[in-house]
(Lines give C-alpha, C1' and ligand atoms only; values in the text may rest on other atoms or scores of the structure.)
Protein backbone atom coordinates (compact mmCIF):
# COMPACT_ATOMS: atom_id res chain seq x y z
CA UNK A 1 0.00 0.00 0.00
CA UNK A 2 2.80 2.44 0.83
CA UNK A 3 4.26 1.95 -2.63
CA UNK A 4 0.94 2.69 -4.29
CA UNK A 5 0.41 5.73 -2.09
CA UNK A 6 3.89 6.99 -2.96
CA UNK A 7 3.15 6.52 -6.66
CA UNK A 8 -0.07 8.49 -6.37
CA UNK A 9 1.69 11.32 -4.54
CA UNK A 10 4.30 11.38 -7.28
CA UNK A 11 1.59 11.67 -9.93
CA UNK A 12 -0.17 14.46 -8.06
CA UNK A 13 3.00 16.47 -7.52
CA UNK A 14 3.99 15.87 -11.14
CA UNK A 15 0.70 17.48 -12.22
CA UNK A 16 1.50 20.67 -10.29
CA UNK A 17 3.03 23.15 -12.71
CA UNK A 18 3.90 26.79 -12.80
CA UNK A 19 1.76 28.70 -15.28
CA UNK A 20 0.33 32.14 -15.88
CA UNK A 21 -3.21 33.27 -15.25
CA UNK A 22 -4.81 35.36 -17.99
CA UNK A 23 -7.89 37.36 -17.04
CA UNK A 24 -10.07 39.30 -19.50
CA UNK A 25 -10.58 42.78 -18.07
CA UNK A 26 -12.14 44.55 -21.08
CA UNK A 27 -14.45 43.21 -23.78
CA UNK A 28 -17.41 44.31 -25.90
CA UNK A 29 -19.64 44.56 -22.83
CA UNK A 30 -17.33 46.74 -20.70
CA UNK A 31 -18.31 50.27 -19.71
CA UNK A 32 -16.19 53.39 -19.60
CA UNK A 33 -16.06 57.00 -20.69
CA UNK A 34 -17.57 57.66 -24.10
CA UNK A 35 -17.58 60.63 -26.47
CA UNK A 36 -19.74 60.53 -29.59
CA UNK A 37 -19.76 64.29 -30.23
CA UNK A 38 -16.47 64.64 -32.09
CA UNK A 39 -17.93 65.20 -35.56
CA UNK A 40 -15.81 64.54 -38.63
CA UNK A 41 -12.14 65.10 -37.86
CA UNK A 42 -11.45 65.31 -41.59
CA UNK A 43 -12.30 68.98 -41.10
CA UNK A 44 -8.81 69.57 -39.72
CA UNK A 45 -6.90 66.45 -40.76
CA UNK A 46 -5.82 65.10 -44.13
CA UNK A 47 -6.87 61.74 -45.61
CA UNK A 48 -3.85 59.96 -44.11
CA UNK A 49 -5.60 60.08 -40.73
CA UNK A 50 -9.27 60.94 -41.31
CA UNK A 51 -10.51 60.61 -44.92
CA UNK A 52 -13.48 62.69 -45.97
CA UNK A 53 -17.04 61.41 -45.72
CA UNK A 54 -18.60 58.63 -47.79
CA UNK A 55 -15.22 57.31 -48.94
CA UNK A 56 -14.84 60.32 -51.21
CA UNK A 57 -11.07 60.01 -50.75
CA UNK A 58 -11.09 56.25 -51.15
CA UNK A 59 -11.10 53.42 -48.60
CA UNK A 60 -7.39 53.25 -47.74
CA UNK A 61 -5.43 50.52 -46.00
CA UNK A 62 -2.78 51.93 -43.68
CA UNK A 63 -1.14 49.28 -41.47
CA UNK A 64 0.59 51.94 -39.41
CA UNK A 65 -0.41 55.57 -38.88
CA UNK A 66 1.40 58.28 -36.94
CA UNK A 67 -0.17 59.72 -33.80
CA UNK A 68 -2.90 62.32 -34.25
CA UNK A 69 -2.14 65.30 -32.03
CA UNK A 70 -4.80 67.90 -32.88
CA UNK A 71 -8.04 67.52 -30.95
CA UNK A 72 -11.08 69.79 -30.98
CA UNK A 73 -12.95 71.32 -28.04
CA UNK A 74 -15.23 68.30 -27.70
CA UNK A 75 -12.28 66.28 -26.37
CA UNK A 76 -11.89 68.58 -23.38
CA UNK A 77 -8.78 70.20 -21.93
CA UNK A 78 -6.45 67.20 -22.14
CA UNK A 79 -8.27 63.92 -22.67
CA UNK A 80 -5.05 61.91 -22.97
CA UNK A 81 -3.92 63.32 -19.64
CA UNK A 82 -7.23 62.55 -17.94
CA UNK A 83 -8.59 66.12 -17.94
CA UNK A 84 -12.01 66.06 -19.65
CA UNK A 85 -13.02 69.59 -18.62
CA UNK A 86 -15.21 71.20 -21.26
CA UNK A 87 -15.47 68.00 -23.27
CA UNK A 88 -18.51 65.99 -24.32
CA UNK A 89 -17.77 62.90 -22.27
CA UNK A 90 -20.19 60.65 -20.45
CA UNK A 91 -19.90 57.49 -18.37
CA UNK A 92 -21.75 54.53 -19.89
CA UNK A 93 -22.29 51.00 -18.61
CA UNK A 94 -21.58 49.48 -22.02
CA UNK A 95 -19.47 51.17 -24.70
CA UNK A 96 -21.46 51.12 -27.98
CA UNK A 97 -19.89 48.96 -30.66
CA UNK A 98 -21.16 51.27 -33.41
CA UNK A 99 -21.37 55.05 -33.81
CA UNK A 100 -22.50 57.62 -36.38
CA UNK A 101 -21.26 56.98 -39.92
CA UNK A 102 -18.71 59.55 -41.20
CA UNK A 103 -17.95 60.64 -37.65
CA UNK A 104 -15.34 59.83 -35.04
CA UNK A 105 -15.85 58.67 -31.46
CA UNK A 106 -13.57 58.17 -28.47
CA UNK A 107 -13.47 55.69 -25.60
CA UNK A 108 -11.55 55.55 -22.32
CA UNK A 109 -11.35 52.37 -20.26
CA UNK A 110 -9.97 52.90 -16.75
CA UNK A 111 -8.57 49.89 -14.89
CA UNK A 112 -6.27 49.04 -11.98
CA UNK A 113 -3.52 46.42 -11.92
CA UNK A 114 -2.77 44.84 -8.58
CA UNK A 115 0.71 43.79 -9.71
CA UNK A 116 3.07 44.33 -12.63
CA UNK A 117 1.44 42.49 -15.52
CA UNK A 118 1.60 41.70 -19.22
CA UNK A 119 -1.30 43.02 -21.27
CA UNK A 120 -2.61 41.60 -24.54
CA UNK A 121 -5.08 43.59 -26.65
CA UNK A 122 -7.13 42.24 -29.57
CA UNK A 123 -8.93 44.81 -31.72
CA UNK A 124 -11.11 45.04 -34.76
CA UNK A 125 -12.59 48.22 -36.25
CA UNK A 126 -14.48 49.66 -39.20
CA UNK A 127 -12.62 51.78 -40.38
CA UNK A 128 -9.69 53.23 -38.41
CA UNK A 129 -8.38 53.19 -34.86
CA UNK A 130 -5.83 55.01 -32.67
CA UNK A 131 -4.77 53.60 -29.30
CA UNK A 132 -2.96 55.07 -26.28
CA UNK A 133 -2.15 53.76 -22.82
CA UNK A 134 -1.91 56.50 -20.18
CA UNK A 135 -1.37 59.06 -22.93
CA UNK A 136 1.45 57.13 -24.62
CA UNK A 137 0.66 56.33 -28.24
CA UNK A 138 0.70 52.61 -29.00
CA UNK A 139 -0.79 52.03 -32.41
CA UNK A 140 -2.85 53.36 -35.29
CA UNK A 141 -4.20 51.69 -38.42
CA UNK A 142 -6.95 51.84 -41.01
CA UNK A 143 -8.40 49.38 -43.50
CA UNK A 144 -11.58 48.68 -45.40
CA UNK A 145 -14.16 46.08 -44.50
CA UNK A 146 -16.04 45.34 -41.32
CA UNK A 147 -14.74 44.87 -37.80
CA UNK A 148 -12.92 41.64 -36.97
CA UNK A 149 -11.50 40.97 -33.50
CA UNK A 150 -8.43 39.38 -35.13
CA UNK A 151 -7.49 42.47 -37.15
CA UNK A 152 -4.94 43.90 -34.74
CA UNK A 153 -3.17 42.80 -31.58
CA UNK A 154 -0.93 44.66 -29.16
CA UNK A 155 1.32 43.10 -26.50
CA UNK A 156 2.62 45.14 -23.57
CA UNK A 157 5.10 43.54 -21.19
CA UNK A 158 5.60 44.43 -17.54
CA UNK A 159 2.99 47.17 -17.18
CA UNK A 160 3.36 48.59 -13.67
CA UNK A 161 0.78 48.07 -10.96
CA UNK A 162 -1.67 50.87 -10.27
CA UNK A 163 -4.31 52.86 -12.16
CA UNK A 164 -4.24 52.98 -15.97
CA UNK A 165 -6.32 54.32 -18.85
CA UNK A 166 -6.71 52.69 -22.26
CA UNK A 167 -7.67 55.49 -24.66
CA UNK A 168 -9.12 54.77 -28.10
CA UNK A 169 -10.12 57.08 -30.95
CA UNK A 170 -12.36 55.42 -33.56
CA UNK A 171 -12.49 56.68 -37.16
CA UNK A 172 -15.08 56.25 -39.90
CA UNK A 173 -15.31 57.58 -43.45
CA UNK A 174 -18.45 55.88 -44.75
CA UNK A 175 -20.40 52.68 -45.15
CA UNK A 176 -20.68 51.42 -41.58
CA UNK A 177 -19.02 51.50 -38.19
CA UNK A 178 -18.00 48.91 -35.65
CA UNK A 179 -15.40 47.95 -33.04
CA UNK A 180 -14.59 44.75 -31.18
CA UNK A 181 -12.15 44.54 -28.30
CA UNK A 182 -10.71 42.03 -25.87
CA UNK A 183 -8.02 42.90 -23.31
CA UNK A 184 -6.50 40.29 -21.05
CA UNK A 185 -3.97 40.63 -18.26
CA UNK A 186 -1.39 38.01 -17.35
CA UNK A 187 -0.48 38.38 -13.70
CA UNK A 188 2.54 36.99 -11.84
CA UNK A 189 3.03 33.20 -12.23
CA UNK A 190 0.80 31.09 -10.00
CA UNK A 191 0.83 27.39 -9.16
CA UNK A 192 -2.08 25.42 -10.59
CA UNK A 193 -3.03 21.81 -10.11
CA UNK A 194 -4.08 20.13 -13.32
CA UNK A 195 -6.98 17.67 -13.44
CA UNK A 196 -5.86 14.24 -12.11
CA UNK A 197 -5.13 11.63 -14.76
CA UNK A 198 -7.30 8.50 -15.07
CA UNK A 199 -4.51 6.38 -13.61
CA UNK A 200 -4.19 8.69 -10.60
CA UNK A 201 -7.94 8.48 -10.01
CA UNK A 202 -7.82 4.70 -10.28
CA UNK A 203 -4.93 4.53 -7.80
CA UNK A 204 -6.69 6.79 -5.32
CA UNK A 205 -9.77 4.58 -5.60
CA UNK A 206 -7.66 1.49 -4.99
CA UNK A 207 -6.19 3.05 -1.85
CA UNK A 208 -9.69 3.87 -0.60
CA UNK A 209 -10.80 0.30 -1.23
CA UNK A 210 -7.79 -1.13 0.64
CA UNK A 211 -8.44 1.19 3.60
CA UNK A 212 -12.10 0.15 3.68
CA UNK A 213 -11.15 -3.56 3.67
CA UNK A 214 -8.63 -3.03 6.47
CA UNK A 215 -11.23 -1.18 8.57
CA UNK A 216 -13.81 -3.91 7.89
CA UNK A 217 -11.35 -6.61 8.98
CA UNK A 218 -10.51 -4.79 12.19
CA UNK A 219 -14.18 -4.38 13.07
CA UNK A 220 -14.87 -8.11 12.62
CA UNK A 221 -12.02 -9.52 14.61
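Surrounded by fewer than 16 Cβ atoms within 10 Å (Cβ to Cβ), modelled with pLDDT under 95, touching a strand residue (DSSP E or B) at 6+ places or on another chain (Cβ under 8 Å) and within 21 Å of residue 61 (Cα to Cα): does that describe residue 176? Judged against the criteria, residue 176 is a match. Within the stretch 67-83, work out how many residues are out of contact with any strand residue (DSSP E or B) (no Cβ under 7 Å at 6 or more places or on another chain) and in a loop (DSSP other than H, G, I, E, B). Qualifying residue count for the region: 4. Annotation: residue 100 fulfils all but one of (1) buried (at least 16 other Cβ atoms within 10 Å of the Cβ); (2) within 15 Å of residue 38 (Cβ to Cβ); (3) modelled with pLDDT of 95 or more; the unmet one is (1).
Only one of the listed residues (158, 135) is assigned by TED's automatic domain parsing to the domain that holds residue 76, farther than 30 Å from residue 56 by Cβ, at pLDDT 90 or above and touching a helix residue (DSSP H, G or I) at 6+ places or on another chain (Cβ under 9 Å). That residue is 135.
Residue 148 - would you say it is in a strand (DSSP E or B) and assigned by TED's automatic domain parsing to the domain that holds residue 108? Criteria not met by residue 148.
Taking the conditions exactly as written (out of contact with any strand residue (DSSP E or B) (no Cβ under 6 Å at 6 or more places or on another chain), within 17 Å of residue 170 (Cα to Cα), assigned by TED's automatic domain parsing to the domain that holds residue 149 and part of a loop (DSSP other than H, G, I, E, B)), does residue 48 satisfy them or not? Spell out the reasoning first.
Numbers: out of contact with any strand residue (DSSP E or B) (no Cβ under 6 Å at 6 or more places or on another chain): yes; within 17 Å of residue 170 (Cα to Cα): yes; assigned by TED's automatic domain parsing to the domain that holds residue 149: yes; part of a loop (DSSP other than H, G, I, E, B): yes.
Against the criterion (out of contact with any strand residue (DSSP E or B) (no Cβ under 6 Å at 6 or more places or on another chain), within 17 Å of residue 170 (Cα to Cα), assigned by TED's automatic domain parsing to the domain that holds residue 149 and part of a loop (DSSP other than H, G, I, E, B)), residue 48 qualifies.
Anything in the stretch 84-126 that is in a loop (DSSP other than H, G, I, E, B), touching a helix residue (DSSP H, G or I) at 6+ places or on another chain (Cβ under 9 Å) and closer than 18 Å to residue 179 by Cβ? List them, or say none.
Within the stretch 84-126, the first condition is being in a loop (DSSP other than H, G, I, E, B), and the residues that meet it are 84-89, 93-104, 114-116.
Then drop every residue that is not touching a helix residue (DSSP H, G or I) at 6+ places or on another chain (Cβ under 9 Å), which leaves 84, 86-89, 101-104.
89, 101, 102, 103, 104 - these are the residues of the stretch 84-126 that are in a loop (DSSP other than H, G, I, E, B), touching a helix residue (DSSP H, G or I) at 6+ places or on another chain (Cβ under 9 Å) and closer than 18 Å to residue 179 by Cβ.
The values are calculated or read from the model by the stated rules, or taken from the named source; none is laboratory data. Note that this is a predicted model, so its numbers are computed, not measured. In this analysis, Cβ positions are derived from the backbone assuming ideal geometry, glycine residues included, and neighbour counts consider all displayed protein chains.
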